[in-house]
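The values are calculated or read from the model by the stated rules, or taken from the named source; none is laboratory data. None of the values given here were measured: they were computed from a predicted structure. A quick note on method: Cβ atoms are made from the backbone with ideal geometry, for glycine too, and the neighbour counts reach across all protein chains shown. To get the accessible areas, we keep the full protein, side chains included, count just its heavy atoms, and leave off ligands, DNA and RNA. Shrake-Rupley method; radii C 1.70, N 1.55, O 1.52, S 1.80 Å.
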Amino acid sequence: MIPRPKPGESEDDLLKFQQEFLAKQEKSAVSVVKKPDKRKTAQSSVPVDKDVVNLEDLPPSKPEPKHVDPNIPHKKSRFSESWEAAVKGEDDPEARFAKHDRHMEAVLSKIVERDTRNLQTFPSVLECASGFPKVMHRGNLEQNKTEINKKPRSLFAQQMSKMSANDLGLKVKGNEKQAHIKMEESGPEVDVSSESGSHIIQGTGLSATFGGEEAQKIHQENLSKLSSMTPEEIIEERNKLLQMLDPKLVNFLSSRKNKKSAAEPNLPSSNSESMEMTQSENTKERLAEASELDLPIKPDRKWVHMDKVEYDKLSWLKDLPQPTTDHSETGTTARFDFEGNLVTSDEGIDVKLGLHHHGNEPERAGYSLEELFHLCRSTNTQQRLLSLKTLVNIITKARNGDLEGHVNSAILPTVLNAGILFLIRWAMDDSVESVVFMAIKTLHSILVSEADEEALDRVLPWFQGHVSPCLKTCRMSAEMTSQNPTPEDEKPQETDADVLKRDVIYALVMRMNLLPRLRHILSQSHPQAPVVLQCTDILIRIVKHSPQMAYEVERCPELLDVIVEEFLPTSWRMLDVKAPLSDLYGVPVPRAMKLVRCLAQAGRNLAATLLGKYHIKARFLRYLVEKNADNLLLLQSEALRLQTESYRTWRACLSYGLADDLFTDIFPCILSQLETLQMECLETCPGLQYNMMTAFITVLESVVLLAAQSDQRKFSSSESVTWSQVTDIGSVVMDMCQKYMKKLGETYQHKKFNLDFEASCLNFMASYLLSWSSLKSFDPVAGLQYIEKLYGDTFEPLLHSLGFQAVLSSLCPNSSILNPDLQIKMEYADNLPGLGMRLKEGDLVEPCLLDYSPLGIVTAVLRVLHVIGQIHRGLQEKTDGEQTASLLQKLSLRLITHLQHGDEFLVHDLLSTVVFSPNIWKQGEEAMMSSMESLQLSDAVHLCSVTQEQVSVNQTQLVAATLSELVPIRAAYLQTFSDQQKVAMHSRHRFLMQALDVQNLVTSSPTETLLPQDWMYLPLIHLYNRFSSVGADVQNALSKNQVSMVTSVLRWVYLLERFQPKVTGSVSVTLRVSRVMCTFLTGNDLFMERTVYLYLAALLREFSTPQLLDQMNFTEEIPGIVSFYDLYSALLQQYEAVSFGDSLFSCYVLLPVQQKHDIQLRKALWTEHQGILRCMRLPLKEIPLPLDRFLNPEESDVELIRLYFQNLLSKRLQPHWSPLLYVIAVHHVNRFIYNQEKKHTRLKQGMILQLQKSTHKELCQHLLHYKMVNQEKDHGIELYEELPPIRKTLLGQVQALEHPS
């Protein structure tokens, strides 16, 4: 006997009991008996015998519908529906209450259309003879005697049996009647009422009315054709069709036939054999198809749910086809592996690595950006994480340049335009923390460039290295600095996507609430160290966008409180210095101090807020008071980084005159650091400690400058640093600097080393000497003697040493200006600007930022020499000379176009002291005059002005007059740039480090230079824009000052064209000519001013050299104008209005008419401004341009040839009105007429006939007998005395066509 189950036994034990019971085949202890229903009696179970009546001509039962859709659900009873819901656990009381709600609204909302898809439709077998059926009358009925023994039938049944369909008023259709008779004969379940037809053609496209009949005819023709063929011929034709048709089409037709066969299972016996053959053929085809698929798993119908084999789905089990590699012209979609590497088409990667799980191009490994974006929206957490991680790797490699040359378009702009930031922002709101942290990592890879941050940190020890550029877009910069900003209510409504296209950082902060989200993550999620550092880097990038974004970071509630309290504490726990940190909460983080420094650089008020509200000064005191970094209870590397960032942040505060009292508080620690510096050997010093000492020297430099300015403070406190406190420190650093300079001169040629510390010491020396000389207590005699001794003992030997010569020799290889090919810029988008730096194997690749770059030390040495020259004028005069002046002039002109925003003071200083300096120009005057002596008499320009005055331009006189007017020229340019006076003052305060007046330590975007390459034309362009905006119909008279400004510009441009061709050569000749043309458009009679006229003529002479004429290209883009065609049209209109045929004006108009330039420019003169044809009286001998440039190559445009010919024939163009234009038209028409190409023959013949009929004999003679241009002949045209034979023949043929014999 099997025991009962006991507590603790599992389901396996129960199954074991069941097997034992079945094996013994014992009788069950319990049997189930179904009891009968008490409500049913014995009589009720007996079937009821009903009366059945069959009417004549009517079917005995209701016909069934032919087609029933099995997919349509059948209606169930309410009881069965409620029972199924209760069994499944879906019986919701609230839903049941709502279902039985009888409110009007509930009832009306539940009205649905009845499902009639399975409604039984019956063929129209009967039809009523009248409008309504007849009324049936019951008569006297008698039972038949033969049926006495049978059970009596009801009266209704007896009445119906006596009647027929006609008695009820119904008629049976003939066709249907025959069909039903056949049904009775062949069997009740066989339907042969419809004729057999084609399984393929239904005739729906043949005709709307007779389509079925046409299809039947086609079917009968096919059957007759098949009946006349042998079985072998049928099989042969079938195989041909199968080879010609698409396999998918064949499968479709066979499946359609199978469906029809399944719908009609009971066919007559005559067709049963054919159906069996068809099914067997289909089965064979399916088996053959399955074998062709070559599946690793063969389908078996015995398997569960495998009764219907889906071959399309099973085909996914096949091996992938080989990827195609022939995409040399079109390229392929870029696909990447999980590490961000580009996967090529022919790279053999195992499918088990998970790189083939995509629908598009399944044979290729890797995922495209579109597929990764799709996975970012997946509901599966692992897929979201994997896609975000892959995008991080791709963007990182793209920033490092690993994908350069392998993809056609840049990765970063592509993903930004595709909307990746929306995906990241949504992922940051995810409930899964791992997804949030990966989204932060992705955002970090997009926003933050490690190379840019490394570059900015590299230049911190250099002069002005603590001034950081703003990384905002040019459009956003223009909106922020606009003097007339658009009111908020007038600005168009922009979506988040529109703002993102304009500026990524602005959109994230102002439209997407990124800052509150980062605060929540840092304060609530407590992420691990990598995420904390990434969040800090993102905040640093936001702060560096602009001061506006920096203030947004400070105004975000509790954001800086969390960062300062958690990551810049004044006390923290003991850490294991041997293990890396995973939790940064409650531990000082150097990256957080860097964020504070970037905030302090954004503005004086923000720095004061950090010191007062967030107690940053207490952090300085805590981190810098330790002489040994190991005492900070941190990793040594982290402790050194923390002290380095603290010194840099303190320097930023000192630049505003803030936190200077901290110098007094930690004065003993500063002395200890100086003592350590004197004893340390820099060559053996590790890199982090070297950076910390360099930052320490820069702090001392700021303290010295602040101490010198302490007497200028109106409210100086007792805690402020004084000069007496820094005197001893200054002497120590000065001695240390001299020692390092001596070592540099002696050893650098043998072994190169980092010179950042030496550069910081030299900058300290320059600031110390400049501050010392500005003190009221400065003794000139002792001071000059000290300067002489310093120069003689240190710098004069340094300048002649081999070590410094080695430094200078490395300047050219490390110059970004001289080596533009070596500037490998990182890709970045227009809406996310950056410095474009790039790291290669951990090192910067920018030439000026390479290891052992000499730019910092050379700049510092030159600065010290400049300060020494300012203090001791005698030493400055020793170095001055003619060669020095010429070199200084070239350098200044080259430098002024490379200075960027923030260097406005330098530009003003160069323009005021060097560029227009008469002394510098006079020192090179002898070389200039010697070059002028080589000019021949033919170099002078002779023109006839509009007043018929003969103007002779002597270049020597023009140069002398220009040199005598350098002071007014300088005043004109300074007046033009006067609107930048406020910006220049801010730049001056930063450059001279005047702490009390410095407002911020940031400059504008570094993507643009301060002055364009054509800066010498800017005053003229400003005047042109002012007068062109008024309108062409307004007659404007320029004032004396404006005429003087234009004259100054032309003089300066002419001086540069003559003696600084390398400076003007950096500007295209097309741009230079376009700017000079603006002189004619600025004022109606400006060009008639004698001085203006002379310099315009001299510049025309410079532009007319063969070399510059070859370089002219009026199709290139010109800054400031939409197209040159618009400018030229305005010039032609001005010429018609005010020129009076002036020769000089005519020469400038003729420059774009040369044959090498765009034909639209010539058409503008000959079509839109034909009035010029009557007034361009420029003689051929006065044209400074070679005439051949107007004649060759020969004109090929037929429309322009017609214009030439029509103007000549209509006498709108005559030689005494426009000699040059007349010669041009005659030349090109003549060459067209006698062209031997068999083109435009009828046009040529028509021209010849019109000339022969014309009464203008001179014109006919010129056009038909023209030989070449000869300025010595009449009208400049040389004619054939006798035409060549080929031309005579042509004229004879045309005449013969006109007068046939």
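In the set (1) among the β-branched types (Val, Ile, Thr); (2) surrounded by fewer than 21 Cβ atoms within 10 Å (Cβ to Cβ); (3) closer than 25 Å to residue 1168 by Cβ, residue 1091 fails one condition alone, (3).
Could you please let me know if residue 1079 is assigned to a helix (DSSP H, G or I), surrounded by fewer than 21 Cβ atoms within 10 Å (Cβ to Cβ) and among the hydroxyl-bearing types (Ser, Thr, Tyr)? Show your work before the answer.
Details: assigned to a helix (DSSP H, G or I): yes; surrounded by fewer than 21 Cβ atoms within 10 Å (Cβ to Cβ): no; among the hydroxyl-bearing types (Ser, Thr, Tyr): yes.
So residue 1079 does not fit the description; no.
Could you tell me how many of the residues in segment 1145-1203 are touching a Phe, Trp or Tyr at 6+ places or on another chain (Cβ under 9 Å), open to solvent by 20 Å² or more (accessible area, probe 1.4 Å), assigned to a helix (DSSP H, G or I) and more than 24 Å from residue 1216 (Cβ to Cβ)? Looking only at that region, the number is 2.
Checking the structure you have, find out if any residue of segment 804-812 is open to solvent by less than 50 Å² (accessible area, probe 1.4 Å) and over 30 Å from residue 450 (Cα atoms). For segment 804-812, residues open to solvent by less than 50 Å² (accessible area, probe 1.4 Å) and over 30 Å from residue 450 (Cα atoms): present. It is to be established whether one or more residues within segment 1020-1029 are touching a Phe, Trp or Tyr at 6+ places or on another chain (Cβ under 6 Å) and farther than 28 Å from residue 1058 by Cβ. Looking for residues that are touching a Phe, Trp or Tyr at 6+ places or on another chain (Cβ under 6 Å) and farther than 28 Å from residue 1058 by Cβ, one finds none in segment 1020-1029, hence no. For residue 380, the criteria (1) within 22 Å of the chain's Cα centre (by Cα); (2) on the phi < 0 side of the Ramachandran plot hold in every case but one, which is (1). Scanning segment 333-359 for residues that are farther than 23 Å from residue 442 by Cβ and of a type outside the set (Val, Ile, Thr) yields 345, 346, 347, 348, 350, 352, 356, 359.
Out of the residues in segment 461-478 that are of a type outside the set (A, V, I, L, M) and part of a helix (DSSP H, G or I), which is modelled with the highest pLDDT? Taking the candidates together, the pick is 474. When segment 1056-1070 is filtered for residues that are open to solvent by 20 Å² or more (accessible area, probe 1.4 Å), in a helix (DSSP H, G or I) and out of contact with any helix residue (DSSP H, G or I) (no Cβ under 7 Å at 6 or more places or on another chain), the ones remaining, listed by number, are 1061, 1062, 1065. Scanning segment 1097-1144 for residues that are β-branched (Val, Ile, Thr) and either in a loop (DSSP other than H, G, I, E, B) or touching a Gly at 6+ places or on another chain (Cβ under 7 Å) (or both) yields 1105, 1115, 1118, 1121, 1122. State which residue is farthest from the chain's Cα centre (by Cα) when the search covers only segment 217-241 and only residues that are closer than 19 Å to residue 254 by Cβ and polar (S, T, N, Q). Checked segment 217-241; the qualifying residue farthest from the chain's Cα centre (by Cα) is 222. Across segment 972-1004, which residue is most open to solvent (accessible area, probe 1.4 Å) among those that are within 19 Å of residue 463 (Cα to Cα) and of a type in the set (Ser, Thr, Tyr)? Here the answer is 1004. If you go through segment 1204-1242 and keep only what is surrounded by 18 or more Cβ atoms within 10 Å (Cβ to Cβ), small (Gly, Ala, Ser) and free of Cβ contacts under 8 Å to residues at least 40 places away in the same chain, you end up with just 1225.
Filtering segment 1099-1124 to residues that are modelled with pLDDT under 90 and of a type in the set (A, V, I, L, M, F, W, C) leaves 1121, 1122. For residue 474, the test of being touching a residue at least 60 places away in the same chain (Cβ under 8 Å), buried (at least 20 other Cβ atoms within 10 Å of the Cβ) and over 15 Å from residue 387 (Cα atoms) is failed.
Criterion applied to 1228, 1262, 1275 was being assigned to a helix (DSSP H, G or I) and under 59 Å from the mean Cα position of the chain (by Cα), and the one residue passing it is 1228. In this structure, does residue 652 turn out to be at positive phi and surrounded by 15 or more Cβ atoms within 10 Å (Cβ to Cβ)? No, not satisfied.
Restricting 563, 538 to residues that are open to solvent by less than 60 Å² (accessible area, probe 1.4 Å) and in contact (Cβ under 8 Å) with a residue 60 or more places away in the chain narrows the list to 538. Among the residues of segment 846-875, just one is under 25 Å from residue 780 (Cβ atoms) and assigned to a loop (DSSP other than H, G, I, E, B), namely 872. Open to solvent by 10 Å² or more (accessible area, probe 1.4 Å), assigned to a helix (DSSP H, G or I) and not hydrophobic (A, V, I, L, M, F, W, C) - does that describe any residue in segment 714-722? Checking segment 714-722: not a single residue is open to solvent by 10 Å² or more (accessible area, probe 1.4 Å), assigned to a helix (DSSP H, G or I) and not hydrophobic (A, V, I, L, M, F, W, C). Taken over segment 1023-1047, the criterion of being modelled with pLDDT of 85 or more and either surrounded by 16 or more Cβ atoms within 10 Å (Cβ to Cβ) or hydrophobic (A, V, I, L, M, F, W, C) (or both) is satisfied by 1023, 1024, 1042, 1043, 1044, 1045, 1046, 1047. Among the residues making up segment 671-688, those that are under 50 Å from the mean Cα position of the chain (by Cα), over 14 Å from residue 737 (Cα atoms) and either charged (D, E, K, R) or open to solvent by less than 60 Å² (accessible area, probe 1.4 Å) (or both) are 673, 683, 685, 687, 688.
Taking the condition within 19 Å of residue 752 (Cβ to Cβ), surrounded by 12 or more Cβ atoms within 10 Å (Cβ to Cβ) and in contact with an Asp or Glu (Cβ under 8 Å, 6 or more places away or on another chain), does residue 834 pass?
No; evaluated as a whole, the condition is false for this residue.
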